[in-house]
Amino acid sequence: MMTLYQIYSAVDNEEAYVDLKQDDRKIVEFINYNKGNYTDEAVFIAQSGYTSKNISNTDFIQTIPKMLLFSETFINKLADKLKDELDFFPAKLRIKNDEFKFFLGKIKLTAELVNMEKSNFYEIDGEKFIDYPPVLFEKISGFEFCAKDINDDLIWAFSDKFKELVVSNNLKMEFLPLA
């Protein structure tokens with residue numbers, strides 16, 4: 001059975017996240033919801049948990065709003081192997097006066113990850129949201145490295161094969177089992 005994971009920054013610090021500088025929704029809509037095109041390069045502003053020194057200690061960055069942001073090292077080592085399941089788009093990360101090249105990852109494949117009958121929900125203004133953690137199906141297929149849920153574009157799963165690729169290429173990110 002495939003083990004599924006969420007991925008996290010290897011910099012363990014509650015202020016280790018970045019904010020999207022652009023306030024329009026076009027970038028998020030394209031990356032997460034497959035709407036429109038990637039016309040403006042995303043620019044992210046680092047919070048105090050990232051410094052110009054510690055940024056090289058991770059190959060994955062948590063973003064607000066939630067998107068996948070990978071280092072240039074990650075792209076150089078794995079973009080080709082992952083090309084059937086992830087597309088990558090250039091982005092900039094600013095830490096004070098320094099700028100770093102990063103890449104947004106766009107998951108191409110969807111799979112039935114969440115068991116909607118067994119998961120709990122909450123409602124806000126008449127709209128239903130899956131309560132975390134969602135209940136996952138025991139047998140999941142249809143992808144090798146990563147997929148997003150067929151019903152919720154913001155629930156992502158990374159396989160043990162993805163984790164093995166990351167580890168064997170000495171890339172820096174943390175994995176937490178999805179359960």
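The values are calculated or read from the model by the stated rules, or taken from the named source; none is laboratory data. Keep in mind the model is a prediction, meaning the values are calculated, not measured. In this analysis, Cβ positions are derived from the backbone assuming ideal geometry, glycine residues included, and neighbour counts consider all displayed protein chains. Side chains included, ligands, DNA and RNA excluded: accessible areas come from the protein's heavy atoms. Shrake-Rupley method; radii C 1.70, N 1.55, O 1.52, S 1.80 Å.
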Taking the DSSP beta bridges in region 9-118 as the whole, what percent of them are antiparallel, to the nearest 5? 75 percent
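Once neighbouring chains are kept in place and the probe is 1.4 Å, which whole percent of the accessible area of region 49-179 is contributed by carbon and sulfur? Show your work: numbers first, answer last.
Details: 3460 of 7230 Å².
Roughly 48 percent, rounded to a whole number.
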Cα atoms only: what Rg and Dmax, in Å, come out for the chain? 16.2, 49
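Leaving ligands, DNA and RNA out of it, rank Arg25, Arg94 by accessible area with a 1.4 Å probe, largest first.
Arg25, Arg94
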Comparing Gly142, Gly36, Gly126, which has the greatest mean-square fluctuation in the GNM of the chain with Cα pairs linked when under 10 Å apart? Gly126
Going by amide H atoms built from the backbone, whose H comes under 5 Å of the H on Phe44, apart from near neighbours? Lys21, Lys92, Leu93, Arg94
For Asn57 and Asn120 in one chain, what is 0.36 nm times their gap in residues minus the Cα-Cα distance, to one decimal in nm? 19.1 nm
What are the ³J(HN,Hα) couplings of region 149-164, residue after residue, when phi is run through the Karplus curve with 6.51, -1.76, 1.60 and θ = phi - 60°? Round to Hz, x for glycine and proline. 5, 5, 9, 9, 5, 9, 9, 10, 10, 10, 7, 5, 5, 4, 4, 4
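Leaving out ligands and nucleic acids, and using a 1.4 Å probe, what accessible area per residue does region 72-156 come to in Å²? Could the numbers behind the result be given before it?
Numbers: 5210 Å² over 85 residues.
I get 61 Å² per residue for region 72-156.
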At 20 °C in a medium of viscosity 1.002 mPa s, region 67-157 has a Stokes-Einstein diffusion coefficient, with Rh taken as the Kirkwood radius over alpha carbon pairs, in µm² per second, of 142 µm²/s
Return the calculated 222 nm mean residue ellipticity for the chain, to the nearest 500 deg cm²/dmol, obtained by summing -39500 (n - 2.57) across DSSP H runs with n ≥ 4 and dividing by the residue count. -3500 deg cm²/dmol
Phi-based couplings in Hz for region 19-35 (Karplus 6.51, -1.76, 1.60; Gly and Pro marked x): 10, 5, 5, 5, 9, 7, 8, 4, 5, 5, 4, 6, 5, 8, 10, 6, 10
Which cross-chain or sequence-distant (5 or more) residues have an amide H under 5 Å from the amide H of Thr110, H modelled 1.01 Å from N in plane? Lys148
At q = 0.19 Å⁻¹, what base-10 log of I(q)/I(0) does the Debye formula yield for region 1-61 when every alpha carbon is treated as an equal point scatterer in vacuo? -0.85
Could I have the simple spin-label model distance between Glu112 and Ser168, label points 7 Å from Cα toward Cβ, reported in nm to one decimal? 3.1 nm
Please work out how much length the chain gains when fully extended from Ile45 to Gln22, using 0.36 nm per residue of separation minus the C-alpha to C-alpha distance, in nm with one decimal. 7.3 nm
